[in-house]
Amino acid sequence: MRSSNPVMNSLTQTTAENPYQSQYGGYSDGYGQAGAPVAQERPMTVDDVVTKTGITLAVIIASAVVNFFIGAFVDQSLAMILTFVGAIGGFITVLVATFGKKWGSAATTLIYAAFEGLFVGGFSLIVSAGAGSEAGAMIGQAVLATVGVFLGMLIVYKTGAVKVTPRFNKIMFGLIMGVAVMALGNFLLAIFTGSSPLRDGGMLAIVFSIVCIILAALSFMTDFDQADRLIRAGAPAKHAWGVALSLAVTLVWLYTEILRLLSYFQQR
């Protein structure tokens, strides 16, 4: 089953193509076919996913705090440089993880977390700058909202209120690609004309951010489902780093969109 998250999609495809056998027995590729025993490795558990995701988020938060502090109290121009480096570095790292088949690499996931933390810290500083004394409160609200959405979608998934089907994933993948194309078009429009209708704080920008937030929230459903499939299939424990990476990508996307939306309302 394809995932709307390209990192998770690459992870599960490769898992199906290269099945392992753990010390607890072989696992299937998720489609009922038993894998050939090529290695002895402990299978992934929920605890592995929780631990690796927690470590990844801790690195993101620490890196974000450092860059935010640099921008707020040391040198704002340096913080902006680090923000740009973080954005480019994080993007390249995700590409490496997705297409370079570094799905089970702790180094790749933690490097992404360090880069993305720099971006998140600088982004938070830039977006909250117009809020003045309310900047800290706005960032706190964005963090709480992100955590709330994550936990809410986890409950929705666990209760089975929304079923993750191949059709659901195909629709999600198409919608996310559509949003990505629109965002790229808006970026190019801003470069060549100075106009940015999807990010200027107007009504269209508000609607676009709300759509992105909804898609990011629904993306957790496919991420949870793919992680659950890997655990039930007995995938190697190292694959938990791939799950952590994909969840971190979705969490960062959700946080930045929520913070951006809050900034729009702050400007009104």
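The values are calculated or read from the model by the stated rules, or taken from the named source; none is laboratory data. Computed from a predicted model, the values in this text were never measured in an experiment. Here Cβ is always computed from backbone atoms with ideal geometry, including for glycine, and neighbour counts include all displayed protein chains. To get the accessible areas, we keep the full protein, side chains included, count just its heavy atoms, and leave off ligands, DNA and RNA. Shrake-Rupley method; radii C 1.70, N 1.55, O 1.52, S 1.80 Å.
Before moving on, here are some points about what is shown:
- Residue pairs whose Cβ atoms lie under 8 Å apart, sitting 6 or more positions apart in sequence or on different chains, and linking a residue in region 134-150 that is without any contact (Cβ under 8 Å) to a residue 12 or more places away in the chain to a partner that is of a type in the set (A, V, I, L, M), are ALA135/ALA129; ALA137/ALA131.
- Residues located in region 231-246, provided they are out of contact with any Lys or Arg (no Cβ under 8 Å at 6 or more places or on another chain), assigned to a helix (DSSP H, G or I) and either open to solvent by 10 Å² or more (accessible area, probe 1.4 Å) or farther than 23 Å from ILE111 by Cβ (or both): ILE231, ARG232, ALA233, LYS238
- Residue in region 90-113 that is farther than 17 Å from SER246 by Cβ and either without any contact (Cβ under 8 Å) to a residue 60 or more places away in the chain or surrounded by 15 or more Cβ atoms within 10 Å (Cβ to Cβ) (or both) present: no
- Residue satisfying condition, being open to solvent by less than 50 Å² (accessible area, probe 1.4 Å) and modelled with pLDDT of 95 or more, within set SER124, SER128: SER124
- Scanning region 218-268 for residues being farther than 21 Å from ILE61 by Cα and of a type in the set (S, T, N, Q) gives a total of 5.
- Among (1) assigned to a helix (DSSP H, G or I); (2) farther than 27 Å from LEU118 by Cα; (3) more than 15 Å from the chain's Cα centre (by Cα); (4) of a type outside the set (Val, Ile, Thr) - the single one PHE265 does not satisfy: (2)
- Residue count for region 152-166, restricted to those that are open to solvent by less than 90 Å² (accessible area, probe 1.4 Å), at negative phi and out of contact with any helix residue (DSSP H, G or I) (no Cβ under 9 Å at 6 or more places or on another chain): 2.
- Residue within region 194-202 that is surrounded by 19 or more Cβ atoms within 10 Å (Cβ to Cβ), polar (S, T, N, Q) and closer than 26 Å to THR83 by Cα present: no
- ASN169 passes every criterion in (1) in a helix (DSSP H, G or I); (2) open to solvent by less than 50 Å² (accessible area, probe 1.4 Å); (3) touching a Leu at 6+ places or on another chain (Cβ under 9 Å); (4) not small (Gly, Ala, Ser) apart from (3).
- Residue match in region 32-53 (condition: over 19 Å from LEU247 (Cβ atoms), in contact with a Ser or Thr (Cβ under 7 Å, 6 or more places away or on another chain), open to solvent by less than 40 Å² (accessible area, probe 1.4 Å) and at pLDDT 95 or above): no
- Being over 21 Å from GLY130 (Cβ atoms), in a helix (DSSP H, G or I) and open to solvent by 30 Å² or more (accessible area, probe 1.4 Å) holds for only one residue in ILE210, ILE191, and it is ILE191.
- Filter pass, VAL59 being of a type in the set (Val, Ile, Thr), open to solvent by 20 Å² or more (accessible area, probe 1.4 Å), under 27 Å from GLY104 (Cα atoms) and without any contact (Cβ under 8 Å) to a residue 24 or more places away in the chain: no
- Among the residues of this structure, VAL66 does not count as one that is open to solvent by 50 Å² or more (accessible area, probe 1.4 Å), β-branched (Val, Ile, Thr) and modelled with pLDDT under 90.
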